[in-house]
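Here's the structure, in structure tokens; my notes come after.
The values are calculated or read from the model by the stated rules, or taken from the named source; none is laboratory data. This structure is a prediction, so every number in the text was calculated from the model and none was measured. Heads up, the Cβs are rebuilt from the backbone with ideal geometry, glycines too, and the neighbour counts pull from every protein chain shown.
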């Protein structure tokens, strides 16, 4: 499931698909405005309990152990996905 969500939301594995496969996927599952719509959709799921969204413990450990470590930003990953929409 993670791989499917990763491909759909952040484009993980996008370049491993052939252009023909990507075209067929978007023909069956169009993505009009996907990037701008998915972020508020995620937020709807936890806006009533924002205290549960405190960071990932692994990112916290990396930030402590690696000088200058930059956490990935989930919103940036969505917006930078190679899918056109």
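Only one of (1) free of Cβ contacts under 8 Å to residues at least 24 places away in the same chain; (2) surrounded by 11 or more Cβ atoms within 10 Å (Cβ to Cβ); (3) under 16 Å from the mean Cα position of the chain (by Cα) fails for residue 85. Which number is that?
Answer for residue 85: the failing condition is (1).
Any idea which of 35, 49 is surrounded by fewer than 12 Cβ atoms within 10 Å (Cβ to Cβ) and on the phi < 0 side of the Ramachandran plot?
Exactly one residue qualifies, and that residue is 49.
Go through (1) under 22 Å from residue 1 (Cα atoms); (2) exposed (fewer than 11 other Cβ atoms within 10 Å of the Cβ) one by one and return the number of the condition residue 67 breaks.
(1)
Condition (residue is in contact (Cβ under 8 Å) with a residue 40 or more places away in the chain and either assigned to a helix (DSSP H, G or I) or more than 17 Å from the chain's Cα centre (by Cα) (or both)) applied to the range 26-34: is it met by at least one residue?
yes
Which condition number does residue 11 fail, the rest of (1) surrounded by fewer than 10 Cβ atoms within 10 Å (Cβ to Cβ); (2) at positive phi; (3) within 12 Å of the chain's Cα centre (by Cα) being met?
The number of the failed condition is (1).
Specify the residue that is modelled with the highest pLDDT; the eligible residues are those in the range 46-61 that are under 29 Å from residue 15 (Cβ atoms) and part of a helix (DSSP H, G or I).
Top of the filtered list is 59.
With free of Cβ contacts under 8 Å to residues at least 12 places away in the same chain and assigned to a loop (DSSP other than H, G, I, E, B) as the only criterion, which of 43, 64, 69 stands out?
It is 69.
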